[in-house]
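To keep things clear, I will list the structure first and then write my remarks on it.
Read the figures in this text as sums done on the coordinates, not as results from a lab. Just so we're clear, the structure is a prediction, and the values are computed from it rather than from any experiment.
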Amino acid sequence: MADIFDVVSDPTRRELMSALLERSLARDAAAGEISVGDLVERLGLSQPTVSKHLKVLRDHGLVTVREDGQHRYYRLDPGPLEELEDWLTPFIEPALDDEDDLRIDDGGSAVFAAWSGADVGGTIGRRVAEGTYQARQLPTTVKRRLFRRS
């Protein structure tokens, strides 16, 4: 069985997860769900391709599915991404020890761009560096709240 890193390394699955994330953030979206047909139309992929990748995401707990007759509605479940966070945190935490309270940048667009971008190999390193830089700029009280261990 593939690990979470293998699952999210595929650009098609990242594109699906990005579409599911956008749906979950939309105010008019019904409970953050989207149908397979809507994903096919939105991404311009074949239905078998979308279904194959959704199965992989479902098998790893990154999406949940609700069946309604012959229709399937998918929703993002970011819980399993904690494994990625746990792996990345040691690389980022040393940078968080900086006590400087500087300006906070946009904080999300770099991560989203890296997540959904096709050129992941070249982009990921730059995005992690940008994220580390932005994390250094967080006020100390915010750092402690965001990165406390449970």
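Couple of notes before you dig in:
- Backbone HN-Hα couplings from phi across the stretch 69-84 [Karplus 6.51/-1.76/1.60, Hz, Gly and Pro as x]: x, 8, 9, 10, 10, 9, 9, 6, 10, x, x, x, 6, 4, 4, 5
- Scaling against 2.2 N^0.38 Å puts the C-alpha radius of gyration of the stretch 4-77 at 1.00.
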